[in-house]
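Here is the structure we will look at, set down as structure tokens.
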Amino acid sequence: MKIAVFNPQMGRFMADAIRELSREHEVREDRYYNPELVLWADVAFFFTVDNNIKSATNPGEAILADDSNFQPWDLHDMDLTNKRIIVMPVDIEVWLGHQHGVKWDVVTDVIFPAKHIREMIEPILPDHIRTHDIKFGVDTEKYNFVDKPTGTKIAWVCEKWPTKGIDYALQIMALLPREYELHTIGGWNDRQPWEKAYQEDFIERNKIKFIDYEWVEDQNEWLADKDYILSCSKKEAFGYNIAEGMSKGLVPIIHRFYGCDDLWNINVWDTVDEAAAMIKYTADYDRTMYRQYIFYRGYDLRTFVDELDRVIKGE
């Protein structure tokens, strides 16, 4: 089967799934939608409800991100006989209301990665659309399990913009004994000068061990000597960083973001005091249980790809 994937975040999130789907199908991926790819494909898969699906179905609503690669057209003008048009809404685009700019009448299937995403979109969908609940899955083979005593190194993996909760992370560190260390990768986004000044001053005054790597080539290797995977986010559609850390046996410390309870039911915290207590009192836990949790919940890549494949084939 020929599959066209339109993914504005090429190289992230869907890369492993596309690699696995390519073992059975012919898959072509583009950052921007391309009508020629839709004509070529049996299935057009739109990852997120962004400008790609809006321009494909309702070009008058689209904000053209790159008009040199982005030519508006109307799916109604195309022969879509026997073609599947699949959309997988993810996260911030849904919160920003992009789903209201899509003409859903030509879409055949919608995949929801989380209950709260379904609740925000399902009421506006036409009755003919088939809906599916498929959680994301991490390639556990990329993250080999490390069995060692739990120490004091906390990993925080994310692009650090305000909703990722840096102030929560710093408050937690201030509540912990000074031997604990916060190690972070992912870079900074939308960090205002006054926030930087406040955060650096807070780190200094509270003698927090804050080690910012910005970027590493091998995340699996970087995580090997860490003990906890911290998530302070206020919104997620999954939490790849959580699943990746747990695959290595790191102890998860998960902020109850909106929709969290549908996705994670282990070591979830509401307040920074709760998070600090979890870190201090989970040191003796069996780390194998965290990797096993990923398979128990079906958050592994194989499960994710198999469920995607069934939707693609119309099963």
Two-site label geometry, residue 95 and residue 195: point separation in nm, points 7 Å out along Cα→Cβ
1.2
Going by Cα centres, the stretch 107-154 and the stretch 280-312 are how many Å apart?
11
What shape does the stretch 140-296 take by its C-alpha gyration tensor, where a ≥ b ≥ c are the square roots of the eigenvalues and a/c under 1.5 counts as rounded, a/b above b/c as prolate, and the rest as oblate?
rounded
So how far apart, in nm, are the two label points at residue 315 and residue 39 if each is 7 Å from Cα heading toward Cβ?
3.2
Per DSSP, the loop-located trypsin sites (Lys or Arg not before Pro) within the stretch 182-221 having at most 10 other beta carbons within 10 Å are 207
Can you pull the one-decimal nm distance between simple spin-label points at residue 261 and residue 292, each 7 Å off the Cα toward Cβ?
2.7
Could you line up 266, 172 from fewest to most neighbouring Cβ atoms inside 10 Å?
266, 172
Can you list the residues, at least 5 places off or on another chain, whose amide H is less than 5 Å from the amide H of residue 209, using H built in the peptide plane?
182
Ranked packing of 247-255, 217-225, most packed first, by mean Cβ within 10 Å
247-255, 217-225
Mind checking the stretch 108-182 for trypsin sites (Lys or Arg not before Pro) that DSSP puts in a loop (not H, G, I, E or B) and that have at most 13 other Cβ atoms within 10 Å?
178
Selection from 257, 55, 275 lying farthest towards where the dipole of the chain points positive, charges on Cβ:
275
Full extension between residue 205 and residue 221 adds, at 0.36 nm per residue less the Cα distance, a length in nm of 2.6 nm
For residue 188, list long-range residues whose amide hydrogen, built 1.01 Å from N in the peptide plane, is under 5 Å from its own amide hydrogen.
160
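FYI, it's all coordinate maths here, none of it is from the lab. Small disclaimer: the values here were computed from a predicted structure and weren't measured. Note that we place each Cβ from the backbone using ideal geometry, even for glycine, and neighbour counts take in every protein chain shown.
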